[in-house]
Amino acid sequence: MTDDTNKHGAEANADEAAAAYAEAAAEQVEAAVSEPDPLELAKAEAADMRDRYLRLAAEMDNLRRRTARDVKDAKSYSVAGFARDMLAVSDNLRRALDAIPTEARESGDAGFNALIEGVEMTERAMLSALERHGVQKLEPVGQKFDPNFHQAMFEIPNTEVPNNTVVQVVQAGYTIGERVLRPAMVGVAKGGPKAVAAEETPAA
C-alpha cells in the first residue's frame, strides 16, 4: 500500500511539474511574441526623429526667409518718410526754377545765372541722393492710367490716343522699392478709342 501511494504521489508531482513547466514556457512564448522587436522600435524612432528634423528644418528655413525679407524691407523703406519730405523740398526748388521768367534767364546777368545754376544743381543732387536709396521717378506719360501709381487731376479731350492714357504730369510721382512713395498727379486723355488689353492672336 505504501509503495502504491508513493508511486501515485510521484506521478502526481511529475504531472504538476510538467504542467508548471508547460505553463512557464507558454508565458515565455507569449511574452516574446508580445514584446516589440528592438529593430522595429529603432526604425520607428529613427523615422520619428527624421520627421521632426524635417519639420524643424522647414520652420528654420521659413524663419530665415522671413527675417531676410524683414531686413530687406527695413533697409528699403526706413527712409520712406524722410524721402517723402525731401521730395516736397525738391518740388519747391522746381517751382522756384519754373517761376523764373525767360527774359530774366536770358538777361545775361552773371550773378543771377549762377544762382539759377546753383538751385538746379541742388535739385539734381537731391534727386540723385534719393535715387541711391531706392527712390525712382515715375514716367507715366503715354502709359495707361493706373490708380495704383497715378492720381487723375483732370481730363483732356484727345482723340489721337486711347482713352485714359496719361498725357500730362502735374506733379511727378515716385516709388521706393516696390511701393509707391507718392503717386503721380496726371491729366488723362478723354474721347479717344478704348485701349486694347491684348492683341488677338490670328488663327493658325
Self-check item: For GLN136: the one exception among (1) in contact with a Leu (Cβ under 6 Å, 6 or more places away or on another chain); (2) outside any helix (DSSP H, G or I)
Solution: (1)
Quiz item: Can you tell me how many residues in the stretch 139-151 are out of contact with any Gly (no Cβ under 8 Å at 6 or more places or on another chain), in a loop (DSSP other than H, G, I, E, B) and not β-branched (Val, Ile, Thr)?
Solution: 7
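Every residue, every condition in (1) more than 27 Å from ARG84 (Cα to Cα); (2) at pLDDT 95 or above; (3) surrounded by 13 or more Cβ atoms within 10 Å (Cβ to Cβ); (4) not assigned by TED's automatic domain parsing to the domain that holds VAL89, yes or no:
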{"position": "GLN143", "(1), (2), (3), (4)": "no, no, yes, yes"}
{"position": "THR159", "(1), (2), (3), (4)": "yes, no, no, yes"}
{"position": "PRO162", "(1), (2), (3), (4)": "yes, no, yes, yes"}
{"position": "THR201", "(1), (2), (3), (4)": "yes, no, no, yes"}
Practice problem: Residues being assigned to a loop (DSSP other than H, G, I, E, B), over 26 Å from ALA88 (Cα atoms) and among the small types (Gly, Ala, Ser): count how many of those fall in the stretch 155-197. | Solution: 4
Quiz item: Is there any pair with a first residue in the stretch 180-195 that is on the phi > 0 side of the Ramachandran plot and a second that is at pLDDT below 95 whose Cβ atoms are under 6 Å apart and which are 6 or more apart or on different chains, and what are they?
Solution: GLY191/PRO157; GLY191/THR159
Exercise. Might you let me know whether the stretch 106-117 holds any residue that is at negative phi and either basic (Lys, Arg) or touching a residue at least 24 places away in the same chain (Cβ under 8 Å) (or both)?
Key: no
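The values are calculated or read from the model by the stated rules, or taken from the named source; none is laboratory data. A quick note: this is a predicted structure, and the numbers were derived from the prediction, not measured. Please note: Cβ atoms are built from the backbone with ideal geometry, for glycine as well, and neighbour counts cover all protein chains shown.
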